[in-house]
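Single-structure report; data block below.
The values are calculated or read from the model by the stated rules, or taken from the named source; none is laboratory data. None of the values given here were measured: they were computed from a predicted structure. Neighbour counts run over all protein chains shown; Cβ positions are idealised from the backbone, glycine included.
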């Protein structure tokens with residue numbers, strides 16, 4: 001099954017995509033130069049069963065990767081939001097094969113938030129951050145991709161929301177340059 005239809009959906013949400021190896025999650029060197037929002041390029045870019053990656057820098061997004069391995073990142077974020085009296089963020093959300101979620105947020109102008117893993121943020125354990133960074137930025141495996149024994153699927157097909165202030169305040173690196 002091709003990742004092209006799902007890639008079209010995220011491109012229509014303003015996200016830039018690039019190819020990942022078929023069945024894989026790790027891009028080839030130079031992937032940043034391949035990121036595009038051009039729907040017409042997708043069939044060739046994602047030919048031969050290639051997976052789709054989403055470039056945070058080219059897309060202008062900060063994304064939260066809510067893992068469910070050692071800690072339940074979804075529950076950790078829900079508890080944090082409740083403790084702060086904030087609603088659950090209503091934004092484009094992709095379900096991962098492991099049961100986690102990727103939440104996409106529009107980054108503020110000049111955002112330099114980097115990518116960090118392993119609960120090294122004030123957001124809590126089980127929440128990884130993928131950001132535009134200073135040079136190449138982070139990425140996420142996009143919807144339609146098949147890896148880790150399952151498919152990445154759009155869980156909430158809504159617009160990419162602005163990064164909530166209560167999340168931005170807990171990011172590990174400078175939010176703006």
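Taken over region 25-53, residues that are out of contact with any helix residue (DSSP H, G or I) (no Cβ under 6 Å at 6 or more places or on another chain), crowded, with 17+ Cβ neighbours inside 10 Å and closer than 19 Å to residue 65 by Cα amount to 3.
Scanning region 16-33 for residues that are within 17 Å of the chain's Cα centre (by Cα), more than 16 Å from residue 152 (Cα to Cα) and not in a strand (DSSP E or B) returns 27, 31, 32. Being crowded, with 17+ Cβ neighbours inside 10 Å and farther than 16 Å from residue 62 by Cα holds for only one residue in 100, 85, 142, 149, and it is 100. Is it the case that residue 131 is buried (at least 22 other Cβ atoms within 10 Å of the Cβ), touching a helix residue (DSSP H, G or I) at 6+ places or on another chain (Cβ under 6 Å) and closer than 22 Å to residue 22 by Cα? So residue 131 fails the test. Taking into account only those residues within region 83-104 that are over 15 Å from residue 161 (Cα atoms) and outside any helix (DSSP H, G or I), which is nearest to the chain's Cα centre (by Cα)? Ranking the qualifying residues of region 83-104, first place goes to 101. Residue 8 satisfies every condition listed in (1) over 24 Å from residue 162 (Cβ atoms); (2) within 18 Å of the chain's Cα centre (by Cα); (3) part of a helix (DSSP H, G or I); (4) without any contact (Cβ under 8 Å) to a residue 40 or more places away in the chain except (1).
For residue 80, indicate whether it is modelled with pLDDT under 95, part of a helix (DSSP H, G or I) and in contact with a helix residue (DSSP H, G or I) (Cβ under 9 Å, 6 or more places away or on another chain). No; evaluated as a whole, the condition is false for this residue. Candidates 19, 43: the one that is in contact (Cβ under 8 Å) with a residue 24 or more places away in the chain and in contact with a strand residue (DSSP E or B) (Cβ under 9 Å, 6 or more places away or on another chain) is 19.
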